Amino acid sequence: MARQREAEDISNRLFAALLRLLPEEFRDRFRGEMQSVFADQRQDAQQSGRAAQARFWWETIRGLFATAVREHTEILVQDADYALRMMRKDLSFTFIAILVLGLAIGAATAAFSAADAILIRPLPFAEGNRLVQLKQLEPAVGVDNMGFSVKEIEDYRSRSRTLGSVVEYHNMMFTLLGGREPERVDTAVVSANFFRVLGVSALHGRTFMDEDDGPNAKPVLVLSYEFWQKSFGGDPNVVGRSYSMNDKEHVVVGVLPPIPQFPGVVDVYMPTSACPTRSGASFRENRTSRMMTVFATLKPGVTLPEAEDDLRGIAKHLRSAYPESYPAAKGYDIAILPVHEQLTSKIRPVLIGLGAAAFLLLLLACFNVAGLMLSRILSRSKELMVRAALGASHGRIVRSFLTEGMLLACAGGVLALVLAFWSVDVLVPFSARFTTLASELRIGPQAIAFCFVLSILCGFVIGFMPAIGMRQMPLFTAQMENMSSPARMSSRTRGILVAGQLAVSVILLVGAGLTLRTLFQLEHMDAGFRPSGVTTARIYTHNDSFQSIYHSLMERTRRLDGVESVALSSTFPLSERGDEYEYALTTDKPSSGDQPKPRTAAGRAVTPGYFSIIGMHLLAGRDFNEGDTQQEPRVSIVNEHLASHYWPGQSAIGKKIRFSPSEEATIVGVVGNVRHRGLDQEPIDEAYCAFAQTNNYFMDLIVRGTRSAHELAPEVAWIVHDLDRDAVITDVEALTDVRKDSLAPRRNTALLFSIFAGLALAITASGISGLMTLEVSERKHEIGIRMALGATPRRVMGSMMTRVTAIIVAGLGCGAAVAWLMSAPMAKLVYGILPRDSVTFAVSAVLLVVVAMASSFLPLTRIAKLDPTVLLRTE
Amino acid sequence: MGKKKPIESFLPLTPAVFHVLLSLADGEKHGYVISKEIARRTNNEVRLSAGTLYGIIKRLLEDGFIEESEDRPDFSLDDERRRYYRLTKQGTALAEAEAERMERVLAMARAKRVLGPESA
């Protein structure tokens, strides 16, 4: 009996729990009856056996679910209908709310799609997750990636137990002949398994086969999609055609699909056997002819540390087997790192920063729209009280707010998707400056799902926040006569919502300020050269008499109108191209102290006059001159950084440096430091050689004059082709543009952060203005009494400004504190200033205070126009 | 609101709704009796659980087809949780309209010889 009662008790409790599926009003109305019917039906079922009981439970649960779905849907339709009517009634609110939410959700969706495509998703290659790059290092001399020789690749390929496929890659510039005109093509020289390992198939034709990469293989080429489109107009018949390259006929065997190229963007691919340098017998046999980059896949189940241990074992073997190739003094070692990490390292802090900014903007939008909702709900408080008096529960009213919030957020979500789709056109070129994975960026199903979920969450937040503010409203005590009390009670919530917007705005303003200040610093930085009036052009020639060709080129260019001086250089500051050699320099005899550790230095070849044309300062000694020829002893000019490193406090003139055991040069001059690798990169050791004493086939023509690059280009090109029909001239551009372009990633980052901050400021200003308009209209009665009792409008305005000031101070304080604490992640985005830069913080604070004060002051000016007698009469 | 809509706009009724109306045709009843009577009359073919039954009752109440009766049975027989429902005039009209609709359908079926002639 007791057992039966216990079972009944459990059943009743279970049914009571299931009743919670039904809407509150339904439950309140029918709970007792339903429980009674349930108890009676259960008793009937009990008497009819177990099968009947099971059927009873099934029917009970199914019935409850079906009724719950129907009832909830009915309420949703009613609420949505009501909300739509309200939204139509107040179109300006609806428009602003949808716009604010659309912008914020759109920004967040765009940031998410970029992060998803570049940081989260695995590499779009067959074994992307297991793809690693191998690096040989000489840590003792500061070399962190010295490349691989053919012998070393063979050793690692054959000896490794943890690597699956080993792929080699190196970059060359070749001239492609046979098209409309000679074309300089960026060429990736790869092992035959390159495309197989990446899982890339050709769009037309085929990729490489093992037979293409043998000693007697016919030279073949695979074109990249972009090059195929640009130079062959997307003609599929290009497959099978022959083109001349390096004095050999190359057959195009395939065209790649539009995939993100890895590890860099090139025009054509060729197998290693077709590369004249790589296939030379002496190069292949020389263990120290290191030029190649090596990628590999980890075997399934192998971890990164396991692979590292395995490779270190091989490195140890190489050190002992070939000590002359791996001098102990340089400390040979090998490192391994995931390719995904390598490809995303530059863009990671930028995307994290943008993601954080988008999140903050979203938070701000929610605060703003919730504040607007709350104000609107307050203006409808009479109507809400009537609804409450007619029996609508608190939950039912909150639910109608939520429905309204959801509708607004979903409409915002639709706008957000449109904006996100549009943003791809902006984000792809922006990201492409940091990673080749940028081409993967698109608004796919994940981004659409993210936008949808975010819209729902925002709808919940903006519907629920006002509900919290309304908690204390005496709706249900129906104090109709005291209409000012609900407004007062939620006034605090509104104040908090506005303070929240201010706080978020400060953080975004500081973020934008820091990136803008960084950009300003870099734009005005003395990088050690004067770019104005300088034009550069890259010249490629394979002609053996290149020295005389270059000599004639300089002579004839110098005679052109508007040209003041001309020089040649193997590369120039901030150039993304050109040859730059890294030497492990050693000096002859240190004049004092300990033998300094050998360090790497960048080596460059230049002609006399280069330094003065480019605006570099000659600090000591002399420039190169016509006497520095092949027949004369080698001379070198070093930069201040190198000189002070090796000979601190002494003159470097006359000292000797060695580029290799057989290459020694005497220092004849010292020039100022130049930021060659980027305005945000510190100067490094540099050693310049005289062009006439080197063998550089490819040079940059450096021209100082009064004519623009655009004007000079055709004339210089004519001279180049007149001197060598097969020579190629590319990238004729002003050095000022090169400098400007080098800051494009920084400029774009600052621009994006500024857009976020600008939006934040505008939204916050509208939030504050809305708050004050409402305060004035709500407190009209009180204002009327105060003015009737003698208070001047100015005094009334003053007391209301006190409240605004308190909100501004609170918001500003919280925001500034958070921005202060966020200095560590911001440190990666700033240069030349501190992440807690006091100027940025001060300017951001002042800007925000001015905007906040101005936007709150305008509604307050209405007080001056109020007539107390009219106010008191109407109230 | 429902009262203003013509009866025809509610037709056809679902079997469950029609059976609830039928069950109340011969007098007021409370929920359990309604469900019990329907199960008995349909030989257990139509069984209404508490959730389904009160979903129907709520809609019929809102549309004005049934109403709550204030007459209560003798105190000793009453359960205070129970409420008694009865058909309104509109409810009776709705049941009639549905029955007539079904009759017309039956007549059509007979005319097409899908059903045999009506037994005497």
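FYI, it's all coordinate maths here, none of it is from the lab. These figures come from a predicted structure and were not determined experimentally. Here the Cβ positions follow ideal geometry from the backbone for every residue, glycine too, while neighbour counts run over all protein chains shown.
For peptide B:80-86, the mean count of partner chain Cβ atoms within 10 Å of a residue's Cβ comes to 3.
Quick check for me: using +1 on Lys/Arg Cβ and -1 on Asp/Glu Cβ, what's the dipole size of segment B:2-111 about its Cα centre, in debye to the nearest 20?
On the way: 19 positive and 19 negative charges, 82 e Å.
Computed about the Cα centre, the dipole is about 400 debye.
Charges at C-beta only: +1 for Lys and Arg, -1 for Asp and Glu. How large is the resulting dipole of chain A about its Cα centre, in Debye rounded to 20?
The calculation lands at about 3660 debye.
Sorting B:7, B:66 by the number of Cβ atoms found within 10 Å of their own Cβ, with the fewest placed first, yields B:7, B:66. Computed extension gain for residue B:100 through residue B:43, at 0.36 nm per residue and net of the alpha carbon distance, reaches 18.2 nm.
Using θ = phi - 60° in the Karplus curve 6.51 cos²θ - 1.76 cosθ + 1.60, the 3J(HN,Hα) couplings for segment A:345-353 round to 4, 6, 8, 3, x, 5, 5, 5, x Hz; x is entered for Gly and Pro. Put simply, the amide H of residue A:565, placed in the peptide plane, has neighbours under 5 Å in A:704, leaving out anything fewer than 5 places away on its chain. Peptides A:533-540, A:559-566, ordered by how many other C-beta atoms sit within 10 Å of their residues on average, highest first, read A:533-540, A:559-566. Report, to the nearest 10°, how far helix A:304-321 tilts away from the longest principal axis of the Cα atoms in chain A, using its own Cα long axis and a range of 0 to 90°. Roughly 10 degrees, rounded to the nearest 10. Per residue of segment A:240-255, what does 6.51 cos²θ - 1.76 cosθ + 1.60 with θ = phi - 60° give for ³J(HN,Hα)? Whole Hz please, x for Gly and Pro, Karplus curve as stated. Running phi through 6.51 cos²θ - 1.76 cosθ + 1.60 with θ = phi - 60° gives x, 7, 10, 9, 8, 8, 6, 6, 10, 7, 10, 9, 6, 9, x, 10 Hz.
Peptides A:438-449, A:496-507 ranked from most to least packed by the mean count of surrounding Cβ atoms within 10 Å: A:496-507, A:438-449. Can you return the lysines within cross-link range of residue A:346? Criterion is Cα-Cα under 17 Å, with same-chain partners fewer than 8 residues away left out. Partners found: A:828. Relative to the longest principal axis of the Cα atoms of chain A, the long axis of helix A:2-18 makes an angle of roughly 70 degrees. Each Lys and Arg contributes +1 and each Asp and Glu -1, all at the Cβ; summed about the Cα centre of segment A:534-736, the dipole is approximately 460 debye. The lysines within cross-link reach of residue A:151, meaning a Cα-to-Cα straight distance under 19 Å and a gap of 8 or more places when in the same chain, are A:135, A:316. Short version: ³J(HN,Hα) in whole Hz for each residue of segment A:619-625, in order, from phi by Karplus 6.51 cos²θ - 1.76 cosθ + 1.60 (θ = phi - 60°), x for Gly and Pro, what are they? After applying 6.51 cos²θ - 1.76 cosθ + 1.60, I find 8, 7, x, 10, 7, 5, 9 Hz. So for the pair residue B:109, residue A:526, with labels modelled 7 Å out along Cα→Cβ, what separation do we get in nm? A separation of 10.3 nm, rounded to one decimal place.
Of the residues B:60, B:11, B:106, the one that moves most in a GNM of chain B with alpha-carbon contacts below 10 Å is B:106. Once both labels are positioned 7 Å from their Cα atoms along Cα-to-Cβ, the gap between residue A:390 and residue A:324 label points is 10.0 nm.
Annotation note: GluC sites (Glu not before Pro) in segment A:306-373 located in DSSP loop regions with a Cβ neighbour count of at most 13 within 10 Å are A:324. Using the Cβ-Cβ distance between residue A:854 and residue A:91 with R0 set to 35 Å, the FRET efficiency from 1/(1 + (r/R0)^6) comes to roughly 0.85. Amide H contacts under 5 Å for residue A:605: A:570, A:571, A:689, restricted to partners 5 or more places along the chain or on a different chain, H placed in the peptide plane at 1.01 Å from N.
Excluding same-chain neighbours fewer than eight residues apart, the lysines reachable from residue B:36 by a Cα-Cα span under 28 Å are B:58, B:89.
For the peptide A:31-43, the mean number of other protein chain Cβ atoms found within 10 angstrom of a residue's Cβ is 6.
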